Amino acid sequence: MKRVSVSLQELATNVEDYLAMHAGKRVAFVMLVSVDDSVQYVGNCKREDGMMLIETQLEHWRARKADIPGHYNPDLMRKP
């Protein structure tokens, strides 16, 4: 768990750069990582904002809302 925990900041920087490259702007994100019986958190936003992102996603899942409609588009171009 310790090795994963210390690597999360580097991973967050890489994810932030990757998302910005594809979105054309900075995109807020939160990542939860499960190692053994522990959950580690990393994100590029304030903790309160990260909590809001997680709570919003949980509400959508509980309401059985589709994740992203574009994912169901068979013509959507995906890079390998």
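Values quoted throughout were computed directly from the atomic coordinates according to the rules given, and no laboratory measurement underlies them. Bear in mind the structure is a predicted one, so any value in this text is a computation, not a measurement. Here the Cβ positions follow ideal geometry from the backbone for every residue, glycine too, while neighbour counts run over all protein chains shown.
With the cut-off at 1.5 for a/c, could you classify the range 2-67 from its C-alpha gyration tensor as rounded, prolate or oblate? Here the range 2-67 falls in the oblate category.
Can you figure out the FRET efficiency of L58 with V27, using R₀ = 22 Å and their beta-carbon distance, to the nearest 0.05?
Approximately 0.70, to the nearest 0.05.
Rounded to the nearest 0.05, the FRET efficiency derived from the C-beta distance between V39 and K2 at R0 = 22 Å is 0.90.
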